[in-house]
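**Q** Quick one: this structure, given as structure tokens, is what I'll be asking you about.
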Amino acid sequence: MPDTGTLRTSLRRGLAAAASLPLLIGALASCGYGSQAQDAAGEKANASAAGGKRLSASEVRIGYFPNLTHATALVGLQEGLIQQELGGTRIRPQSFNAGPSEIEALNGGSLDIGFIGASPSINGYVKSKGSN
């Protein structure tokens with residue numbers, strides 16, 4: 001007969017996996033192709049909200065990672081949630097595959113907003129001596 005501690009641990013792991021499965025499937029289904037998505041006319045899908053009030057900038061350049069760990073940006077761009085908040089201001093999304101390259105773009109002025117992890121954020125802050 002198996003040890004009850006081992007059985008409980010296995011049961012908890014199985015329940016955690018089963019409970020997280022719908023979230024994982026939903027996130028993967030809604031991610032789409034991020035910045036590669038285009039409408040029927042071939043324009044970027046995240047152009048701007050029609051008739052929305054423009055912010056002080058005509059365009060916002062947003063960097064993100066096209067993977068599940070950065071689902072906030074993926075879902076926000078794909079579903080138009082970020083665009084809804086920005087109104088008539090155009091979004092120019094750009095995907096990155098590593099934190100250092102995104103920090104370089106932020107520090108170099110090529111990006112306005114970046115969805116990145118804690119380590120690249122702290123490293124970028126230290127390298128810029130607190131200016132970014």
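**Q** Working only within the range 104-121, note down all residues that are surrounded by 12 or more Cβ atoms within 10 Å (Cβ to Cβ) and not acidic (Asp, Glu).
**A** First pass over the range 104-121, keeping only residues surrounded by 12 or more Cβ atoms within 10 Å (Cβ to Cβ): 104-107, 110-117, 120-121.
Result: Ala105, Leu106, Asn107, Ser110, Leu111, Ile113, Gly114, Phe115, Ile116, Gly117, Pro120, Ser121.
**Q** Something else now. Of all the residues that make up the range 59-103, how many are buried (at least 18 other Cβ atoms within 10 Å of the Cβ), over 13 Å from the mean Cα position of the chain (by Cα) and part of a loop (DSSP other than H, G, I, E, B)?
**A** 1
Read the figures in this text as sums done on the coordinates, not as results from a lab. Just so it is clear, the structure is predicted and the values come from calculations on it, not from any experiment. Please note: Cβ atoms are built from the backbone with ideal geometry, for glycine as well, and neighbour counts cover all protein chains shown.
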